[in-house]
Structure formats: C-alpha cells, structure tokens
2 protein chains.
Amino acid sequence: MNGPSLPARSRVTISQVAEAAGVSKASVSRYIGGDRQLLADATALRIEQAIERLDYRPNQMARGLKRGRTRLIGMLLADILNPYSVAVMHGVETACRQHGYSLVVCNTDRDTEQEIHHLAALRSYNVEGLIVNTLGHHAGELQSLHSELPMVLVDRKVEALEVDLVGLDNRDAVRQALDHLQQRGYRDLLLVSEPLDGTSSRQERVEAFKAEIARRPLLKGQALQTGDAFGAALRDFLAAPGPGPKALFAANGVAALAATRQLRELGCRLFEEIGLIALDDLDWYPLVGSGITALAQPTERIGTAALECLLGRLQGDREPPRQVDFKARLIVRGSTHPRG
Amino acid sequence: MNGPSLPARSRVTISQVAEAAGVSKASVSRYIGGDRQLLADATALRIEQAIERLDYRPNQMARGLKRGRTRLIGMLLADILNPYSVAVMHGVETACRQHGYSLVVCNTDRDTEQEIHHLAALRSYNVEGLIVNTLGHHAGELQSLHSELPMVLVDRKVEALEVDLVGLDNRDAVRQALDHLQQRGYRDLLLVSEPLDGTSSRQERVEAFKAEIARRPLLKGQALQTGDAFGAALRDFLAAPGPGPKALFAANGVAALAATRQLRELGCRLFEEIGLIALDDLDWYPLVGSGITALAQPTERIGTAALECLLGRLQGDREPPRQVDFKARLIVRGSTHPRG
DNA sequence: AGGTTTCATGAAACCGGTTTCAAGCAAACG
DNA sequence: CGTTTGCTTGAAACCGGTTTCATGAAACCT
C-alpha cells in the first residue's frame, strides 16, 4: 500500500484480472463490455470475483481507442462567468450523466485564440460530440470539426454552419416584454444589450425589438449597447422628453446588471422614474429595489435539449438541421409598476 | 469531402502521415513529441509538410495510453451553481490552459452518489490530477484515489485525508468582519451560514465567529443556519432587545442571498434597521439597497494556486501536505453604515 | 454412431500512438 | 585505411483495452 503523496502506483489492468481469474483478456473484456450473456456462468463468476478482489476499473481511454466511443462530450463556452452559460451547462451535465457520458467543459473567455485552442484540444480527446456556445468567428474550424462529429449550437447561430440549434424564441420573448411594458403604461423604451459582436441571439433581440416597435404606434423605442458611451447615452435617454413613461429592456442578465448599475450611478431612484424588464432571471433580481421583472429562460431544459439533440445525431439521425426554440416565461416584479 | 450531418469521417493517423512523408511512424512520433532535435532537418521538413497537407492532429488518448500523460486535470465541484465554485473553476481553467492541460469538470449537486460516480469516471479517464471541492463524505473513495494520483482540496477539508488544501484564511476573514462591524458601531451580531453539513470552511467560520465574539466584550453574537426555521429565527433576532445596533454576517454568497431575501420578506428596510456584511463578493452586491459590504475572496488566485500546487506534485514534489490560505479583502459599501 | 450446430473460449490482430533497440552511415580518430 | 564515435532512422514491442476468427467441446439431429 502506498502512503499519501506517493501516487503513481500503476493501476490494475485487464491482463492481471485475466490471469487472476484464469481466463483470457478477451473473456474479461466481454465481461466488462456487457456481453455477459456470451460467458458461461462459472466463468463470469470467476471474473467478477477477480475484479472485485483486485479492485479493477477499466481504462476508459484504452477502451475508446479501439471502440471509438469515449463517452465524452465536449462543451465550448464563450463565457463561463455568465450565469446563463452555467445554467445551461448544468442542464447539459445532468443529461450527460443520465446517459452515461462525461462532460469536458472549455471556456474561451470570449477569445478567438482560445476558441481555436480548445476546439483542437476537444478534438484530440476524441469527444463524441460537441455543444457550442461561442462567438464562432472563424467558422472554418467549426465546419471542419463538424465533418467529423455531431455538433449542437446553443443560443448563438454561427454563420454558414448548418447545425442543430437550441435556444430561445427571441421574437416571442421580445413580444412578451413589449406587451407587458405597453400594458403597464410604459411608452418610451430603451433596449440595452451587450455589444452585438456578431452574436446572433443579441442581434435577433435587437431586430425583433425594432420590428415590434415599428408595428406599435403607441411605443417609441431605441436600442443601445453597453460599453464606454453607455452612461452618457443612458443619461440622455432619461433626460429627453418622450411620449410617456420610460422603461429599459435589458436583453440579457449581463445587460441587466450593467443597466441597473448605471442607473444607480446616475442617481436614479430605481423603478420610480423608470421601469425595467430583463431577459434571463437571475437569483438576485428580487433583491434590487422593488424587484426586477424578468423573462426567464428555461436554461435547464435548453441544456438537456441540446444534449438530447446531440445524442440523436450520435445514434445516426441524418435529418436536416433542426432549430429548437423555447419560450421565455414572464415573471412580474416591482420594476414594472410605473410610479413605484 | 463529407457534407454536414455526416460525421464519422475517420481521422488522419500517424501511419498515414508517415507514409505520406516517406518515413516511419517512429519519426513522426518524434516530431510531434517535441524530440525534433533528434531528426535531420530534411526529415523534419518532410514530416511537417505531410502533417500540414493532411491536416493531421495526434490523438491525445492514444498518446496518453503509452505515455501515461493524458494532459487532463479533473475537478470535482459540489455545486456548480454557486458563483464561488465557478470563479475558482475559472481560475483553475485559466491556469490549466497556460500549462497545456485541459480540465474535466464534474458537478455533484451536493449528492454523494454522484460524487462516487464522478470520481470513478475521472479515474477511468486517466486524469493526471484532481482538484476537489466537495462534501467528501465517504473519504474512502478519495483516499484510494489519492494513492494513485495527486489531489488538491479547495475550500473544504476532508477528514482523514492528508492532502494539500487551498482556501481562505477563515479566521482572519472573520476577524476582519468583526473588526469592521465593531468599528462601525454594531454590537449585536448574527452569523448566517448554510447548514454546516460537515463542510469544513463553514464550520471554521462559525467557530472563528464564536471565538472572536467570546474575546470581544463589546459584542454579542450568535450563529444561525439557513433553512426552514430561518425566517422565524431571523424575526426573533430582529425583535429581541440587544446591546446595540444589529448586523448580520453572511458566511458566504448563498447565505447572503438567503439573508437579504429573508430580510425583505420580513419587511425590513434594508440596512437602516440592520447592517450586513457578506463573505464572497458577488457582482450584484452593489445593487442591493445601499450596497452590501463584502469580504472578497481571491477566487481566481485560489484556482490558480490549486492547480500550481497540483502541478508541483505531478513534478514529483513529495513534501508533506501543505495548506495555502489566502486573505479576504474588505470592500465597504452602504450596508455597514448604521442608520442608513 | 456419425454428422451438424451451437456455445464458450482463447490467440492474435488491431486501435493510434510511444519507446526501445539495433542497424546504417558518415565523420573523426589513430 | 581500419576503427570508433555520433547521428538518424526504422522495426518491433508495448500501452490497455476490443474484436475477429478459429477451435474444441457439448448438444442436437437423423
């Protein structure tokens, strides 16, 4: 027995088990491979006992080599510090476990270099499939990878990449938001999003917002991105005369954080002078002012749906790429009660 | 060339590269293994071109088999929805990348079954080392794993497991908190933590709190855990007469969320009737009331320290287990200004 | 009884790499 | 000019499994 801080005790191998049980490697392999019905009961028993006695665990890497199945799924995340990503990842992970897979998560920190690096790494580890939530600049790499293994995009489309996509029905979410704001009497709206940066979900939300505004005569609306000039632009919006009560629509959780923070810095009494609705539902929304009204995404289900989509492809589904859109769920809180 | 949704194009292997370059597998292996100086320039060039032409990427699994180095690090997390865990993981991941490793993250959702499951999985994938932030019930599994590979605990000690530990100087953090509260005039304190549940860091914080209270005649203090009876207990605390201004001390981010939420439900005007300081610094703290005073943990550094510790062991460091403690950093906000 | 199936099993090839070992060859030496 | 040395290189064994194929024994059939 090795003491602590003395690792490297070589592991028990299939050959040792075979020898201990007095059978061939092949039989042991059959035993652990689930082909137990091929073995005589007596043989199976001897193998079982040998495995037990030696505390044998098969080497998944070695198995994957010949078999081609590593039981590994890769996930590429643009930003692991974004709660949305983590929530989806949680869903994926849960689903993975249920199906006997393990998940390798790579975070790119929104960096193209790292995206390439991680894609190469995932490929080199023979992941069986890929779940991708990322910028997807340089789609070439993704494209070439997709010719080797199935792939599912989450939340963000990648141009010229014909792949399954799981995400939110952005159009519907925006409609819900505007319905709610309009009904609550808000008339002058500002959509706050992170810099678009080619991110399809952000673009879709902005476009849907503009389209909806255009078709609603009661509402006035404009779109703004967080960043350097955000504070000044927000102040202007607050100061400008408009057709009626003003409200912000944060296009995701990060934008909600930035918007709320900025409102405070401008000395705005939260949600009395201005309303707020945010896409994503973060656990702290209820704590800010009278609570932030949210459009919750079913993140867990998005995650499991992505994995199940992937598993379908792994099982040979050759249908043309699908797009799975979930609906957002409105959660009304204090931030959309005009005049506090 | 394969179209989309037609994966399974078999990858280029080392043999194909060897053939294309007109050399042996061994030479190609030397080339990609970094033993380039062993090769004649002309040979290296031919190999390089063949690799380029075929777009060859070595199979990391196969390499790991003989070599014993998978370049994989495993991380076991008790709760991936906890921002602290994610922040540490981010640090680990960054450090991994810098050192050429990839990270396999497993989340146990605080469930012992899953902990066992994931440990087995990580082992079967031949991770070279393990970073563990988990309950660590059933230390047996961990112990046996530790005889095979190096291991570092993060934040949480595991009984009877003599392993490196990276975390917070809880004693010092509690002292900082009480110094601050005391100096701000608070006299009647309530420590709010999640159920201890054998989690060493929580226990340490509670113990340190009690010890500090005992040595400070000015202060009165008690400890409470979130859960069913929390609301009622909190109300009692607020109603009971005390030696002076009251404040809560949330022992981590989750407790801070629970405490703040509960205060609101009790109709408490935040931070006017009662102060609050929280361990961990979450991005929404500034937005709640006048802002929540925090003791920030250097999560990123904790993550990188954990990995570096692990790498040290991988490089043969046989010293007795170390404990690396970082100091918390006080960030004063409105929640510790008595009387609003 | 003889012949055909079926079943259980092991030997050996294989997966995609690494590593050992020995051989080939040119330069350097005496 | 014969040897020694050093540098390149490839053949083959190996890592820990899986899988194919052949074989021997038992069961089944006329």
Simple Cβ-charge dipole of the protein assembly as shown, Lys/Arg +1 and Asp/Glu -1, about Cα centre, in debye nearest 20
100 debye
Amide H partners (placed H, <5 Å) of B:Gly275, local residues excluded
B:Lys246, B:Ala247, B:Leu248
Can you list the distances in nanometres, one decimal and ascending, from the B:Glu141 label point to the identical position in each other copy, with the point 7 Å along Cα to Cβ?
3.4
Answer rounded, prolate or oblate for region A:156-235, using the Cα gyration tensor with square roots of eigenvalues a ≥ b ≥ c: rounded when a/c is under 1.5, else prolate when a/b is larger than b/c, else oblate.
oblate
For chain A, set up a Gaussian network in which alpha carbons nearer than 10 Å are linked by springs, and say which option among A:Val23, A:Val152, A:Val288 fluctuates the most.
A:Val23
What is the local net charge at B:Arg36, summed over the other residues whose Cβ is closer than 11 Å to its Cβ (Lys, Arg +1; Asp, Glu -1)?
-2
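Estimate for me the total accessible surface buried between chains A and B (protein heavy atoms, probe 1.4 Å, no ligands or nucleic acids), in Å² to the nearest 100.
About 6100 Å² of accessible surface is lost on pairing.
With a ≥ b ≥ c taken as the square roots of the eigenvalues of the C-alpha gyration tensor of the protein assembly as shown, please select rounded if a/c is under 1.5 and otherwise prolate if a/b is larger than b/c or oblate if it is not? Walk me through the intermediate numbers first.
Working: a/c = 2.18, a/b = 1.34, b/c = 1.62.
Because a/c hits 1.5 or more and a/b fails to exceed b/c, the protein assembly as shown counts as oblate.
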For chain A, set up a Gaussian network in which alpha carbons nearer than 10 Å are linked by springs, and say which option among A:Arg264, A:Arg67, A:Arg322 fluctuates the most.
A:Arg67
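Only four residue types carry charge here, +1 at the Cβ of Lys and Arg and -1 at the Cβ of Asp and Glu. Report the dipole size of region B:14-58 about the Cα centre in Debye, rounded to the nearest 20.
Here the size comes out at about 100 debye.
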For the protein assembly as shown, the per residue accessible area (1.4 Å probe, Å²) is 41 Å²
Sites A:Asp325 and A:His137, calculated FRET efficiency, Cβ-Cβ separation with R0 25 Å, nearest 0.05
0.55
In region A:128-221, GluC sites (Glu not before Pro) in a DSSP loop with at most 11 other beta-carbon atoms within 10 Å:
A:Glu159
Whole-number value, in Å³ per residue, for the convex hull of the alpha carbons of region B:16-125 is 118 Å³
Given charges of +1 on the Cβ of Lys and Arg and -1 on the Cβ of Asp and Glu, with all other atoms neutral, how large is the dipole of region B:1-142 about its Cα centre, in debye to the nearest 20?
720 debye
For region B:199-279, what does the alpha-carbon gyration tensor say about shape, rounded, prolate or oblate, given a ≥ b ≥ c as the root eigenvalues, a/c under 1.5 as rounded, and a/b over b/c as prolate?
oblate
Other-copy label distances relative to A:Glu48, 7 angstrom Cα-Cβ extension, nm
5.9
Using a label point 7 angstrom from Cα along Cα-to-C-beta, what distances in nm, from shortest up, separate A:His337 from the other copies?
2.6
Candidates B:Asn107, B:Asn126, B:Asn59, ranked by Gaussian network fluctuation over chain B, Cα under 10 Å, top entry
B:Asn59
A:Ser147/B:Ser24 FRET efficiency (R0 22 Å; Cβ-Cβ; nearest 0.05):
0.15
Please name whichever of A:Ala305, A:Ala255, A:Gln114 sits farthest to the positive end of the charge dipole of chain A, dipole taken about the Cα centre and charges placed at Cβ: Lys and Arg +1, Asp and Glu -1.
A:Ala305
Which is farthest toward the positive dipole end of the protein assembly as shown among A:Thr43, A:Leu161, A:Gly227, measuring Cα position about the Cα centre, with Cβ charges +1 (Lys, Arg) and -1 (Asp, Glu)?
A:Thr43
If amide H atoms are built 1.01 Å from N in the plane of the peptide, which residues on other chains or at least 5 residues away come under 5 Å of the amide H of A:Val132?
A:Leu76, A:Val152, A:Leu153, A:Val154
Top positive-direction residue, dipole computed over region A:63-128 with Cβ charges, set A:Val88, A:Tyr101, A:Gly68
A:Gly68
Per the 1.4 Å probe, what fraction of the accessible area of the protein assembly as shown, in percent, lies on carbon and sulfur atoms?
49 percent
Estimated D of region B:14-58 in µm² per second, where Rh is the Kirkwood radius over Cα pairs and Stokes-Einstein applies at 10 °C, 1.306 mPa s:
160 µm²/s
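The values are calculated or read from the model by the stated rules, or taken from the named source; none is laboratory data. What you are looking at is a predicted structure, and each value in this text was computed from that prediction instead of being measured. With ideal geometry, Cβ positions are generated from the backbone for all residues, glycine too; neighbour counts draw on all protein chains shown. Note: accessible area is taken over every heavy atom of the protein model, side chains too, but ligands, DNA and RNA are not part of it. Shrake-Rupley method; radii C 1.70, N 1.55, O 1.52, S 1.80 Å.
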